[in-house]
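Below is one structure, written out as C-alpha cells; the observations come after it.
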Amino acid sequence: MLLTCDPTNNEAGMKLLEYLTTDVKQIQEQVLDEILTQNANTDYLRGFLDCKTEKELFKKGVPVVNYEDIKPYIERIANGEPSEIISAQPITELLTSSGTSGGQPKMMPSTAEELERKTFFYNILVPVMNKYVDGLEQGKAMYLLFIKPETSTPAGLKARPVLTSYYKSSNFRNRPFNPFNVYTSPDESILCSDNKQSMYCQLLCGLVQRDEVLRVGAVFASAFLRAIKFMEDHWRELCCNIRSGHVSDWITDTSCRNAVSLILGKPNSYLADLIEVQCTSGNSWEGIIKKLWPKTKYIEVIVTGSMAQYIPTLEFYSGGLPLVSTMYGSSECYLGINLKPMSNPCDVSYTLLPNMAYFEFLPLEENHDTLLLNPQVQRNGVSGPDTIKMDNQSEAVSLVDVKLGHYYELVVTTFTGLYRYRVGDILMVTGFYNNAPQFRFVQRQNVVLSIDTDKTSEEDLLKAVAQAKLIIEPRGFLLTEYTSYADTSSVPGHYVLFWELKTRGRRSDEALEIDPSIMGQCCSTVEESLDSVYRRCRKKDNSIGPLEIRVVNHGTFDALMDYCVSKGSSVNQYKTPRCIKSEEALQVLDSRVLGRYFSTRVPFWEPFCLQTK
Ligand code: AMP
C-alpha cells in the first residue's frame, strides 16, 4: 500500500486524508495482508506462521517483541546475511534510533520503498498546513535542518539516523519544486557535515532572506533553541558578513560556502544595520524571532513529549507566534500527523495514518498517585516511570478498537521487517477524526531524563551513579539518596543530579568536607557511563551541557518525601522519584543545596562500529 500525494493539490490531499481517516479498518487490514503475503517466507515469520498468511493467525502466532528479541536478526543483516531473514524487500540501510540497547543506538531496517512512504507522509502535511494558514506559497521556510554522522556495518550497509537518511536521499535533494517547499537554507548547507558551519550558514541565509520568511522551525524544539543561542553568540559576525558580502573564512566546506555566497550576494549594510538594531534593542532577546523575521506566521517545532519542557523558553523568544508540532514519527516508521496544527501545544494530538504500518496497542493502566505529582503527564509532558503500568491481562488491540481516554503502548508491524514491535511510546486516545483515533503523546516508556534526542532511563541513571559511587566510597562518603532533573533554563540544557551524602563513621548532621575536584570527577564518570546518544549530544552536537551534581544537606530527601506525601502520595508506597518534574519539588531540593559541581571533561564518543562475528 504505497500512496502518493501531490503537495500542490490541496483538494486532492484533503480528499486522501478523508479516505485514510474513514476507511481505517479496511486500510489496516489491507496493510497487514500485504505485509504478511510479502513476507510469509522470511525466516522470521516462517518460524511463527509456517508460511501461512491468514491475518487471524498473526495475533495468535507472532509474539509482541522488543528490540532485544530482534537484535540478533538485525545484527545478522548488518554482518552480511540476506535481508530475507526478516524482509522480502531488500534492506537498503539501517536507521540508528535515539533509543539505545546495550549503550548503542538501536538499528531499524529500512527499504527503498519506505523512503517513498516517508515522502508521501511529508507531502500530506502540506494540505493540512494550507488549510489553516493562508499564503504560505508566497514566501519561504527557514527550517534549520541538520545531518548527523553515519557509519557502515561490516557488510557495507549504511547506518545513520532517519532524518540524515532522508535529507541525503534523492527524494529530498531532487524534490520537485513546489511553492510550499521553498527553504531559505540551500541543500548544501543542510548537508554540510560540520554542524557548526551548517548552523552558521543556515542562519546567515535565513537572515539575508528575512523579508521572505513566512515560517521558521527545526525538527525538535531543542534544536531551534540551540539555533537562537548560536545566534546570540554569532549575530555580530553574521551582520559583518552581510555588511561585507563576504562569508567568514572559517566556513571551509566548499559547496556550502559557494551556495551561501550566492545567496549572500552584494554587501548590504542597510540590512546589517536593521538586524543589528533588532539584536541590540531592548534589555533582552524577548520576542526576537518576530523581530528578526517579521512576516513569520508560526514556529514549526515538535513541542510534545520531552520537548514540552522547552515551551516557556520558546514562548519567550517567539513574540507570541504559534508553536506548531506537525508530525510524530520514529526510526521504525513514520506514524501520525497533527490535523489541527495551530492548536495549543498542550492540546496536540496525532492521528496515526493507517497506510504507514499495521498498528496495535497494548492497554495500560494509569497510576493516579503519580499523575498527581506529574501534572504534565496528562498534557504532553514527560513523566516518571511509575506513572502508567502494563495491564498484564489484556491483549494488544487494533487501531479501530482503542477507547477514548485510555492509555496504550504502541506496537508496530512495518513494511520493513518489524513484526509486532514495541516502539516504547505511551499514547492516550483523545478523540477521533472520522474513524481514525487521535493520540496525545504521553511519554516514552522508562525515560526519566531527556534534553535533546537522548533518552536516559532510571536504569541507565542507576548504573551511571553506581560508577561514580566507586569514586566517593573509598574516600569515606556514602550516597544516601539521589534524584535527577533536566535543567533547561539555559541553552544547552544539562542533567542535574541531587546527591545527599554522609561521611562514614560520622553523625549525619556533621558538616561534610567535600573535595570539589572529586565531585567534578564524579560528574565526568556519570557522563562517561551514560549511553552513546547522550555522549554524542554532549560531544559532537553540543546539545547538552556539562552534567552537574548538587550536593544537598542532610534531611533533604525527607523533606522531598514530606512534600510528595502532602501532594497525595501514599506514605507506605513512597519511593524517591528518580527524576523531578514539579517546580515545587525542585524548590524543596534547590533550597537545600550545599555545593554545585560540574563535569570537567567532555565524555568519549565516536560513531559506533559493529563488530563482525
Ligand atoms: P528515533 O527512534 O530516534 O527516531 O526517535 C523516535 C521517538 O521520538 C519516538 O518513538 C518518540 O518517542 C519521539 N518522538 C518523535 N516524534 C515525536 C512527537 N511529535 N512528540 C513526542 N515525541 C516524539
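Assess whether residue 495 counts as being in contact (Cβ under 8 Å) with a residue 40 or more places away in the chain, within 23 Å of residue 104 (Cα to Cα) and either open to solvent by 20 Å² or more (accessible area, probe 1.4 Å) or within 16 Å of the ligand (Cβ to nearest atom) (or both).
Here the answer is no, as residue 495 does not meet what is asked.
Take region 582-606 and flag every residue that is farther than 27 Å from residue 531 by Cα and in a loop (DSSP other than H, G, I, E, B).
Matches in region 582-606: 591, 592.
Give me the strands (runs of 3 or more DSSP E) completely within region 71-161, filtered to those with at least 3 residues that are open to solvent by 40 Å² or more (accessible area, probe 1.4 Å), ordered by residue number.
So the answer is none; nothing clears 3.
Scan (1) modelled with pLDDT of 95 or more; (2) more than 28 Å from residue 290 (Cβ to Cβ); (3) surrounded by fewer than 24 Cβ atoms within 10 Å (Cβ to Cβ) for the single condition residue 360 breaks and write down its number.
For residue 360, the failing item is (3).
Could you tell me whether residue 343 is out of contact with any Lys or Arg (no Cβ under 9 Å at 6 or more places or on another chain) and not in a helix (DSSP H, G or I)?
Here the answer is yes, as residue 343 does meet what is asked.
If residue 178 passes every condition in (1) open to solvent by 20 Å² or more (accessible area, probe 1.4 Å); (2) at pLDDT below 95; (3) not hydrophobic (A, V, I, L, M, F, W, C) but one, which one does it miss?
(1)
Could you grab me the full set of residues in region 324-355 that are away from the ligand (no atom under 13 Å from the Cβ) and hydrophobic (A, V, I, L, M, F, W, C)?
Passing the criteria: 339, 342, 353.
Given the condition within 12 Å of the ligand (Cβ to nearest atom) and within 24 Å of the chain's Cα centre (by Cα), answer yes or no: does some residue in region 281-301 qualify?
Yes: one or more hits.
Given 193, 198, 189, which one is part of a loop (DSSP other than H, G, I, E, B) and more than 16 Å from the ligand (Cβ to nearest atom)?
Among 193, 198, 189, only 193 is part of a loop (DSSP other than H, G, I, E, B) and more than 16 Å from the ligand (Cβ to nearest atom).
Please note which helices (runs of 4 or more DSSP H) are completely contained in region 238-325 and include at least 2 residues that are of a type in the set (Lys, Arg) and either over 16 Å from residue 184 (Cβ atoms) or open to solvent by less than 30 Å² (accessible area, probe 1.4 Å) (or both).
288-292
The conditions are (1) open to solvent by less than 70 Å² (accessible area, probe 1.4 Å); (2) in contact (Cβ under 8 Å) with a residue 40 or more places away in the chain, and residue 51 fails exactly one of them. Which is it?
(2)
Considering (1) over 23 Å from residue 301 (Cα atoms); (2) within 16 Å of the ligand (Cβ to nearest atom); (3) at pLDDT 95 or above, say which one residue 544 fails and leave the rest.
(1)
Criterion first (within 23 Å of residue 64 (Cα to Cα), away from the ligand (no atom under 16 Å from the Cβ), within 24 Å of the chain's Cα centre (by Cα) and at pLDDT 95 or above) does residue 419 satisfy it?
yes
Within region 466-505, can you find the residues that are of a type in the set (Gly, Ala, Ser), closer than 18 Å to residue 596 by Cα and in contact with a Gly (Cβ under 8 Å, 6 or more places away or on another chain)?
486, 490, 493, listed by residue number.
The values are calculated or read from the model by the stated rules, or taken from the named source; none is laboratory data. None of the values given here were measured: they were computed from a predicted structure. All Cβ positions, even for glycine, are placed from backbone atoms using ideal geometry, and neighbour counts span all protein chains on display. Each accessible area value is taken on the protein alone, full model and side chains, heavy atoms only, with ligands, DNA and RNA left out. Shrake-Rupley method; radii C 1.70, N 1.55, O 1.52, S 1.80 Å.
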